[in-house]
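Notes follow once the structure below has been shown.
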Amino acid sequence: MNPMMRFRGEPVEVRMRDGRTFRGMMDGDPPPGGFFIRDGFRRRFFSFFAVAFVFSFRRGRRIF
């Protein structure tokens, strides 16, 4: 099981290596090498290669 799935259903902020920031809920059962977040009406896939860090709002700390 992917270790990021411990945070399924929690609000998170994803910061990409190029500086873009995305906010949403950790979602779904991801394929190897990444994870999904749901933001509004979309479900976005993020590759671990492109992510700088993931911040959990509920726990108040970085989780990746």
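According to a simple spin-label model (label point 7 Å from Cα along Cα-to-Cβ), what is the distance in nm between ARG6 and PHE41?
Calculated label separation equals 3.6 nm.
Can you give me the orientation-averaged projected area of the convex hull built on the Cα atoms of the chain, in nm²?
4.0 nm²
How long is the gain from PHE57 to ARG15 if the chain were fully straight, where each residue apart is worth 0.36 nm and the alpha carbon distance is subtracted?
Working: separation 42, 0.36 × 42 = 15.12 nm, distance 1.33 nm.
The PHE57-ARG15 span can extend by a further 13.8 nm.
Values in this text are rule-based calculations from the coordinates and carry no lab data. Keep in mind that this is a model prediction, so the values were computed, not measured. Methodologically, a virtual Cβ is constructed for each residue, glycine included, from the backbone with ideal geometry; neighbour enumeration extends over all protein chains shown.
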